[in-house]
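Engineer: Dumping the structure here so I can ask a few things about it.
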Amino acid sequence: MTERLKKAYSTETYQMLSQETERVILSALDIALNEKRNVTNFIKADHLYEIWKESNPSFPKMITDIVEHSVLIHHPKYIGHQVCMPLPIGSTMSHFGSHINNGMAVYEMGMAASVIDRLMIEKINPYFGYGDKSSGIFTSGGTVANITALLCARANFDPTIWKEGQKEKIGFMVSDQAHYCIDRAVRIMGLGDDGIVLIPSDQDYKADTNLLEQTYQIAIDKGIRVMGIIGSAPSTATGMYDDLRSFGNFAKKYNLWYHIDAAHGGPAVFSEKYAHLMDGCEMADSITVDAHKMMMMPALTTMLLFKNHEDSYKTFAQEASYLFGHEDWDWSNYGKRTMECTKIMLGMRLYAAWQEYGVEIFKDNVEQCFDQTKEFTELLLNDQNFEVPVNPDSNIICFRLKDATDSEIEKIRELILESGQYYILKTKLRGKLYFRCTLMNPFTTIDHLRQLLNELKLLFAGIR
């Protein structure tokens with residue numbers, strides 16, 4: 001072995017790297033939580049590329065530079081994307097898992113992690129109304145979970161497709177407000193335009209359940225066999241939950257696979273105050289839940305829950321005898337049920353938080369963020385300068401300056417981003433541009449939000 005390899009793997013090197021990383025992390029947390037820096041130091045991509053291209057930083061300088069040019073997720077004025085500020089115990093377990101680095105396709109390679117994944121799913125499922133026959137897997141992100149569920153739905157619809165291929169037009173019914181990853185999943189599956197049967201949304205941006213029958217018949221008339229229906233809990237653009245019970249009843253009537261994309265809003269089940277938003281979820285065959293959103297885990301940490309354990313084996317009905325045995329109920333070899341052959345140790349992040357704080361901490365986070373959004377909505381509704389397209393169900397909210405044009409909204413958002421004071425997004429709803437915020441940070445206060453509105457009004461006055 002070379003001296004270079006020996007040094008790279010030495011305990012002294014690991015100690016130095018750990019200490020430097022901890023120092024930078026603690027400094028970044030202090031800066032963010034105490035608002036000692038703007039939420040982002042925005043630099044255009046080409047410019048930052050040139051900076052990094054010419055630099056050759058050592059390790060301590062490199063991670064400091066990364067923080068300098070990253071969005072501070074822990075900053076109270078971060079109200080942009082649906083990415084949470086992770087609990088320290090979750091981040092710690094993520095680092096620990098990267099060090100242990102056990103793959104989990106087969107049990108013998110990831111014994112402890114495999115058992116922990118099962119135990120965590122068993123703790124979660126009852127909150128979604130799932131019983132003893134339920135199961136689930138951890139996977140890397142909601143997109144992977146959703147496509148896995150839809151592949152399972154297809155296998156349930158026609159088990160011959162895996163070997164013989166698709167012979168007819170088949171598709172899924174889904175709201176026109178659903179996350180774009182559903183459309184992407186269907187296209188990856190090779191179903192094309194016919195694979196998505198859009199249910200028009202109502203005035204509240206929820207799938208119009210009065211049009212379910214009509215939408216189904218339109219698909220049939222086009223020669224499309226509907227194999228499933230997908231509910232959004234909530235939609236990404238507006239934070240509105242579909243009527244999940246009506247979806248479930250419709251799925252039962254036509255014997256359709258029922259999947260719920262609850263990547264963002266599924267954890268509402270942990271709160272008595274907001275659990276009603278997930279009413280009917282127990283009827284679903286599968287549910288996607290991202291723990292890196294409302295459960296405060298580092299990305300990516302996603303659960304795909306199955307109402308019936310045996311369904312989780314239908315997705316990938318293939319042989320790999322060098323890895324797997326032949327037991328249909330072999331829960332411990334996750335390679336049979338996941339898209340990932342080298343599955344990383346995800347469940348223990350959530351398990352550690354659950355063991356340390358109990359389910360109450362997830363309830364606390366949901367209620368804090370959802371309640372804060374309701375208060376922000378009232379602030380907007382009471383300010384004659386702003387309009388809100390819909391009173392949100394969750395912690396996602398859209399709004400705009402009443403008298404501003406779309407181009408002015410675009411310009412104001414650019415100015416906010418470049419200033420680094422706040423991190424907010426934009427979205428288009430029925431041809432009209434809105435600011436979009438997601439209140440993911442429990443340290444964001446109504447004063448922060450009031451300051452944001454004042455800043456938006458000042459910027460608007462400045463460009464007029």
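The values are calculated or read from the model by the stated rules, or taken from the named source; none is laboratory data. As the structure is a prediction and not an experimental result, all values here were calculated from the model. Ideal geometry is used to build each Cβ from the backbone, glycine not excepted, and the neighbour counts take in all protein chains shown.
Engineer: Only one of Thr427, Thr405 is under 26 Å from Met85 (Cβ atoms) and at pLDDT 95 or above; which?
Structural biologist: Thr427
Engineer: Considering Ile73, Ile51, Ile66, which residue is assigned to a helix (DSSP H, G or I), hydrophobic (A, V, I, L, M, F, W, C) and within 30 Å of Thr445 (Cβ to Cβ)?
Structural biologist: Ile66
Engineer: Does Phe138 satisfy the condition of being assigned to a strand (DSSP E or B), touching a Lys or Arg at 6+ places or on another chain (Cβ under 8 Å), within 20 Å of Lys307 (Cα to Cα) and in contact (Cβ under 8 Å) with a residue 40 or more places away in the chain?
Structural biologist: Answer is yes for this residue.
Engineer: Next question. Among the residues of region 276-284, is any over 20 Å from Pro392 (Cα atoms) and crowded, with 24+ Cβ neighbours inside 10 Å?
Structural biologist: Taking every residue of region 276-284 in turn, at least one turns out to be over 20 Å from Pro392 (Cα atoms) and crowded, with 24+ Cβ neighbours inside 10 Å.
Engineer: Under 6 Å between Cβ atoms, at least 6 apart or on separate chains: pull out the pairs that start in region 92-107 with a residue that is more than 16 Å from Tyr334 (Cβ to Cβ) and end on any residue that is part of a loop (DSSP other than H, G, I, E, B) and at pLDDT 95 or above.
Structural biologist: Ser94/Pro298
Engineer: Which members of region 76-88 meet the condition of being surrounded by fewer than 21 Cβ atoms within 10 Å (Cβ to Cβ) and either among the small types (Gly, Ala, Ser) or not in a loop (DSSP other than H, G, I, E, B) (or both)?
Structural biologist: Gly80, Pro88, listed by residue number.
Engineer: Looking at Gly239, Gly223, which is the one that is over 18 Å from Ser201 (Cβ atoms), part of a loop (DSSP other than H, G, I, E, B) and either β-branched (Val, Ile, Thr) or in the same structural domain as Asp311 (by TED's automatic domain parsing) (or both)?
Structural biologist: Gly223
Yes/no matrix, rows are residues, columns are (1) of a type in the set (A, V, I, L, M); (2) out of contact with any Lys or Arg (no Cβ under 8 Å at 6 or more places or on another chain); (3) over 20 Å from Asn125 (Cα atoms):
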site	(1), (2), (3)
Met227	yes, no, yes
Arg245	no, yes, no
His264	no, no, no
Val269	yes, yes, no
Asp279	no, no, no
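Engineer: So, one more: If you scan region 437-451, which residues turn out to be surrounded by fewer than 21 Cβ atoms within 10 Å (Cβ to Cβ), assigned to a helix (DSSP H, G or I) and of a type outside the set (Lys, Arg)?
Structural biologist: Hits for region 437-451 are Ile446, Asp447, His448, Gln451.
Engineer: The conditions are (1) part of a helix (DSSP H, G or I); (2) closer than 20 Å to Gly335 by Cβ, and Tyr127 fails exactly one of them. Which is it?
Structural biologist: Result: Tyr127 fails condition (2) only.
Engineer: Which one of Gly129, Gly110 is over 30 Å from Gln421 (Cα atoms) and touching an Asp or Glu at 6+ places or on another chain (Cβ under 6 Å)? Before you say what the answer is, go through the steps one by one.
Structural biologist: Details: Gly110 fails: touching an Asp or Glu at 6+ places or on another chain (Cβ under 6 Å).
Testing whether each residue is over 30 Å from Gln421 (Cα atoms) and touching an Asp or Glu at 6+ places or on another chain (Cβ under 6 Å) leaves just Gly129.
Engineer: Determine which member of the set Leu346, Leu401, Leu350 is among the hydrophobic types (A, V, I, L, M, F, W, C), farther than 30 Å from Ser114 by Cβ and buried (at least 18 other Cβ atoms within 10 Å of the Cβ).
Structural biologist: Criteria check complete, one pass: Leu401.
Engineer: If you don't mind, there's one more thing I want to ask. Looking at region 252-262, is at least one residue in a loop (DSSP other than H, G, I, E, B), within 24 Å of Gln82 (Cα to Cα) and in contact with a Lys or Arg (Cβ under 8 Å, 6 or more places away or on another chain)?
Structural biologist: Going through region 252-262, the residues in a loop (DSSP other than H, G, I, E, B) turn out to be 255-256, 262.
In the following step, the residues that additionally are within 24 Å of Gln82 (Cα to Cα) were identified as 262.
With in contact with a Lys or Arg (Cβ under 8 Å, 6 or more places away or on another chain) added as a condition, the list becomes none.
No; the residues of region 252-262 include none that is in a loop (DSSP other than H, G, I, E, B), within 24 Å of Gln82 (Cα to Cα) and in contact with a Lys or Arg (Cβ under 8 Å, 6 or more places away or on another chain).
Engineer: Could you run through region 300-316 and say how many residues are surrounded by 24 or more Cβ atoms within 10 Å (Cβ to Cβ) and aromatic (Phe, Trp, Tyr)?
Structural biologist: 1
Engineer: Given the residues Glu378, Glu360, Glu367, Glu418, which is the only one that is charged (D, E, K, R), crowded, with 16+ Cβ neighbours inside 10 Å and modelled with pLDDT of 95 or more?
Structural biologist: Details: Glu378 fails: crowded, with 16+ Cβ neighbours inside 10 Å; Glu360 fails: crowded, with 16+ Cβ neighbours inside 10 Å; Glu418 fails: crowded, with 16+ Cβ neighbours inside 10 Å.
Criteria check complete, one pass: Glu367.
Engineer: Need pairs with beta-carbon distance below 6 Å; first residue at positive phi and within region 192-205, second hydroxyl-bearing (Ser, Thr, Tyr); sequence gap 6+ or separate chains.
Structural biologist: Taking only residues 6 or more apart or on different chains, the pairs are Tyr205/Thr238.
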